[in-house]
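Coordinate-derived values only; no laboratory data. This one's a predicted model, so the numbers in the text were calculated from it and none came from an experiment. Reconstructed Cβ throughout: ideal geometry from the backbone, glycine too, with neighbour counts over all protein chains shown.
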Amino acid sequence: MSFFAYKNGEMHAEGVALATIARQVGTPFYCYSAAALRASWQEFADAIKGTNARICYALKANSNLAVIKLFGDLGAGADIVSVGEMRRALAAGIRADRIVYSGVGKKASELMAALEAGIGQINVESSAELEVLNAVAGQLGKKADITIRVNPDIDAGTHEKITTGRKENKFGIDIDLATEAFAKAASLPNLRVVGVAMHIGSQLTSLSPYRDAIVRVRSLIQELRTAGHRIDRFDIGGGLGIVYADEQPPSISDFMQVVGKETAGLGCELTFEPGRRLVGEAGVLVSEVILVKPGVSKTFVIVDAAMNDLIRPTLYDAWHDIVPVREPRPDAATICCDIVGPICESGDYLAQNRDLPPLSAGELIMVRSAGAYGAVMASSYNSRPLAPEVIVDGTRFAVTRPRPTIDEMISTERIPPWMVQAGQ
Ligand code: LLP
């Protein structure tokens, strides 16, 4: 079921017309559907019911406080990769012991902040990190609960920039070197090994890489136990794909069935770190057409959202469906166009060679499946203010992050005193 649909000729997010929001907050803006967020959460919750598993929402996909709070209230923990994300999770009310800290390059100061806050689990990704964490925990007189993230050398079959579980990727400890790392961890007095973690990539649309990876990690767990290590948790990571174009990602229940089958009898508590699957389809980006520029070889529809607002098309060649906010007539002719932003770069596009009904200046468009890795990856390149974020819930909506004014953007910068004098 889509929570973004035409009603009376106008695209709505649940019960609110996107044009109404556009009038109030201006464009471009991100819009999230609370019902869609709840529905995707429910799919996970139903699939793990009665099992020894927990879901730690990967904040990196969308770290808007309202989104985090919505999941936190439904029982989610959090998967974080920075102290900034930790602070957001805590601010949204997620308990520290429900937070998992991932990432390949955590600084000593960040590890210290995490331990001070009482973070529940730190997923260590290198031998060097074991030592730093051991030292930091010692300084605080604490014992840190850790898993070691292993790299199972599996091709996730996804875009090369978002695959993480192959030997040549920087993530995790090579599965062949894992036993050494566990032995080292066990010898360090301020660490308590509680399990193994993996994360093989993002936007996976097939279950077989998960199956293959889990089979490898499963035999590692057995080896580790034989060597005397206590492995109580198995963190499977995130990565489940969503629909952008015509992908057919597996259902959560099919995914859980595979995981359940391959982990059966291990007696581990499972952790899942979904990001995109929880938020991706629950968010859209709305933009207004500035002007239409017929070119020699194609038409350019220049809109007020740009690569700084949604970088996925140009960074990953990602395809996002784009539709007019006013419902086109069913027999409307289409033209082939590029939907581009106003930024001075040829890579500034949201879509290329797209067949769309003719659009004119002032019309609104909606970019689908923009809830994950959209607003969080935005920048203010070209001094463009970050697009505001709005959440709709039934017939209500609220701005959860307003658009900054240019004065606010400039106000954090300082001109050195000698330059001020030079200009007088
Ligand atoms: N856990 C770890 C350790 C991760 O590195 C990631 C994502 C996740 C969980 C969540 O993965 P998800 O369920 O969202 O696939 N910016 C890229 C995606 C980068 C994903 C990085 N890691 C994109 O826009 O496609």
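Structure data summary
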{"read-out": "Full-extension gain in nm, residue 226 to residue 127, via 0.36 nm per residue minus C-alpha separation", "value": "33.5 nm"}
{"read-out": "Ellipsoid semi-axes in whole angstrom, largest first, where each is sqrt(5λ) of the Cα gyration tensor of the chain", "value": "40, 26, 20"}
{"read-out": "Helix axis angle, 252-263 relative to the chain longest principal axis, alpha carbon, degrees", "value": "20 degrees"}
{"read-out": "For segment 42-56, 3J(HN,Hα) per residue [Karplus equation, 6.51 cos²θ - 1.76 cosθ + 1.60, θ = phi - 60°, Hz, x = Gly/Pro]", "value": "4, 4, 5, 4, 4, 5, 9, 3, x, 10, 8, 9, 9, 10, 10"}
{"read-out": "Alpha-carbon Rg with Dmax, taken over segment 103-272, Å", "value": "16.2, 53"}
{"read-out": "Pairs beyond 26 Å (Cα-Cα), from 161/298; 60/170; 106/161; 69/261; 60/106; 49/107", "value": "161/298; 69/261; 49/107"}
{"read-out": "Integer Hz, Karplus 6.51/-1.76/1.60 couplings in order for segment 310-320, x for Gly and Pro", "value": "9, 8, 4, x, 7, 7, 10, 6, 6, 9, 10"}
{"read-out": "C-alpha long axis of helix 127-140 to longest principal axis of the chain, angle in °", "value": "80 degrees"}
{"read-out": "Placed amide H near residue 305: partners under 5 Å, 5+ positions off or other chain", "value": "288"}
{"read-out": "Most mobile listed residue (330, 358, 209) in the chain, GNM with C-alpha springs under 10 Å", "value": "330"}
{"read-out": "Loop-located GluC sites (Glu not before Pro) in segment 388-424, at most 14 other Cβ atoms within 10 Å (DSSP)", "value": "413"}
{"read-out": "GNM top mover of 40, 219, 297 - the chain, alpha-carbon springs below 10 Å", "value": "297"}
{"read-out": "Fluctuation leader among 336, 56, 344 - the chain, Gaussian network, Cα springs under 10 angstrom", "value": "344"}
{"read-out": "12 Å beta-carbon shell around residue 72, net charge (K/R +1, D/E -1)", "value": "+3"}
{"read-out": "Burial ordering of 232, 97, fewest other beta-carbon atoms within 10 Å first", "value": "97, 232"}
{"read-out": "Alpha carbon centroid spacing (whole Å) that separates segment 258-333 from segment 347-391", "value": "9 Å"}
{"read-out": "Using alpha-carbon coordinates, inclination of helix 178-187 to the longest axis of the chain, degrees", "value": "60 degrees"}
{"read-out": "Global geometry of segment 6-99, whether rounded, prolate or oblate, following the gyration tensor of its Cα atoms and the 1.5 cut on a/c", "value": "oblate"}
{"read-out": "Segment 103-272 - share of DSSP beta bridges that are antiparallel (%, nearest 5)", "value": "5 percent"}
{"read-out": "Cleavage-rule hits, trypsin sites (Lys or Arg not before Pro), segment 315-424, DSSP coil, Cβ neighbours within 10 Å at most 15", "value": "414"}
{"read-out": "Pair residue 42, residue 345: separation of 7 Å Cα→Cβ label points (nm)", "value": "4.0 nm"}
{"read-out": "Cα→Cβ-extended label distance, 7 Å offset, between residue 421 and residue 176, nm", "value": "6.3 nm"}
{"read-out": "Qualifying GluC sites (Glu not before Pro) in segment 139-248, DSSP loop, other Cβ atoms within 10 Å at most 15", "value": "168, 247"}
{"read-out": "Packing-based order for 12-21, 142-151, using average beta carbon neighbours within 10 Å, highest first", "value": "142-151, 12-21"}
{"read-out": "Under-5 Å amide H pairs with residue 121, H placed in peptide plane, nonlocal only", "value": "99, 101"}
{"read-out": "Within segment 298-325: backbone nitrogen closer than 18 Å to the residue 353 label point (7 Å, Cα to C-beta)", "value": "298-301, 313-322"}
